[in-house]
Amino acid sequence: GLGTGLGLAAAPAAQPPAPAVAASVQAMGADQLREAATQALRENRMYAPAGDNAMEYYLALRDKLPDDPAVASALTDLMPYTVIAAELAVSREQFDEAQRLVALLEKADPAAPALPRIRQSIAAGQQAVAQRSGAGARRARAEAEARAEAERQRPPQQQQAEAEAARRLAQEQEAARLEAQRREAERLAAEAAAREAAQQQAAQPPAAPATPAQRPLRPISMPPPRYPPDALRSGASGEVLVEFTVGTDGTVTEARVLRATPARIFDREALAAVRRWRFEPVPAPITTRRTLVFTPGG
């Protein structure tokens, strides 16, 4: 028996076609070839590796002893294994190894029925690999073109995103500026109201009704008026003279506008602010006047 080992050697690098039997094997003597062939069979090196296998040793021995029936029988036994190995090499796309094995088969029997089929399989396999490589190259080109197109499309998208971000930032900055102006206007209005209150308390007219139980108003809370948003945006300023009455519990019970410059711009906020004012309780209601000043940005 010859055993069933079908191990394939790795496909050698592409090179010019080599003789089916290595020159080193051809140079061996008959006895040396017979001993090497027996050893190769014992180790299942029936057709591989190249230059050290039973097929090559027996082919070289047949060249030296063409009428030896044992050599012919050994080659007949080795042929099916070499055919299977060649077909496996084609299926694994190891075309150089398949060609080497075809050369061994052709030298052993040029009319072997399997030779045309294996040669056709090699040609078809090589063509399939070439087509696959071409398809891969076309796919790579298409992917590269798609990436290039994406790169060309990206700058306008980035510009649009940057423009949108700049627009939002400008809106936020404008809102922050208006809010800062509003707060500053409220602070200045509060200071002006406090000064006006102090001045009017220091200059109460002698004709104002007074009773022994009446005493000067002492403010507890005088929050400044809100600056109207429209007036703040337009930068308008003005003042409102308000007359109001403080009840015995210190709350403002009545309030009305006596004079406003300009008219009707600051009236509502002035009255709303005065109605929120609180004073220390008094023995009897007190009616007085205050001028509320609206000045944006100082």
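Every number here is computed from the coordinates shown, using simple stated rules; none is lab data. Note that the structure is a prediction, hence the values are computed from the model and not measured. With ideal geometry, Cβ positions are generated from the backbone for all residues, glycine too; neighbour counts draw on all protein chains shown.
Projecting the Cα atoms of Ala130, Leu241, Met28 onto the charge dipole of the chain, computed from C-beta unit charges around the Cα centre, puts Leu241 farthest toward the positive end.
Lys and Arg at +1, Asp and Glu at -1: add these up for the other residues within a Cβ distance under 12 Å of Ala180 and post the number.
On the way: positive: Arg177, Arg182, Arg183, Arg187; negative: Glu174, Glu179, Glu184, Glu186.
That works out to 0.
D by Stokes-Einstein for the stretch 238-298, Kirkwood Rh over Cα pairs, 10 °C, 1.306 mPa s: 133 µm²/s. Counting 0.36 nm for each residue step from Ala30 to Thr295 and taking away their Cα separation leaves a gain of 83.1 nm.
With N counted as the residues of the stretch 52-181, its alpha-carbon radius of gyration over 2.2 N^0.38 Å works out to 2.47.
If you take the square roots of the eigenvalues of the alpha-carbon gyration tensor of the stretch 57-122 and sort them as a ≥ b ≥ c, do you get rounded (a/c under 1.5), prolate (a/b over b/c) or oblate? The shape class here is prolate.
Cα centroids of the stretch 59-80 and the stretch 216-234: 120 Å apart.
To the nearest 20 debye, what is the magnitude of the charge dipole of the chain about its Cα centre, counting +1 on the Cβ of each Lys and Arg and -1 on the Cβ of each Asp and Glu?
On the way: 37 positive and 36 negative charges, 478 e Å.
Computed about the Cα centre, the dipole is about 2300 debye.
Spacing of the modelled spin labels on Arg218 and Ser91, each 7 Å from Cα toward Cβ, amounts to 11.0 nm. Set against the labelled values (i) 28, 23, 18; (ii) 121, 21, 13; (iii) 39, 25, 17, semi-axes √(5λ) of the Cα gyration tensor in Å computed from this structure falls on (ii).
Taking every alpha-carbon pair under 8 Å whose residues sit at least 6 apart, the stretch 73-116 reaches a relative contact order of 35 percent.
Think of the chain as a dipole: +1 on every Lys or Arg Cβ, -1 on every Asp or Glu Cβ, centred on the Cα centre; then among Val274, Tyr47, Val90, Val274 lies furthest on the positive end.
Each of Ser121, Leu232, Val71 was scored by the projection of its Cα onto the charge dipole of the chain, and the greatest displacement toward the positive side belongs to Leu232; charges sit on the C-beta of Lys, Arg, Asp and Glu. Between the Cα long axis of helix 267-276 and the first principal axis of the chain there is an angle of about 80°, rounded to the nearest 10.
On the basis of the beta-carbon distance and an R0 of 25 Å, Gln171 and Arg233 show a calculated FRET efficiency of 0.95.
What order do you get for 40-50, 230-240 when each peptide is scored by the mean count of other beta carbon atoms within 10 Å, highest first? Could the numbers behind the result be given before it?
Details: 40-50: 19.4, 230-240: 15.9.
Ranking, from highest mean packing down: 40-50, 230-240.
Tell me the relative contact order for the chain as a rounded percent, counting alpha carbon contacts under 8 Å between residues six or more apart. 14 percent. If the segment from Ala284 to Thr76 were pulled out straight at 0.36 nm per residue, it would be longer than the present Cα-Cα gap by 61.1 nm.
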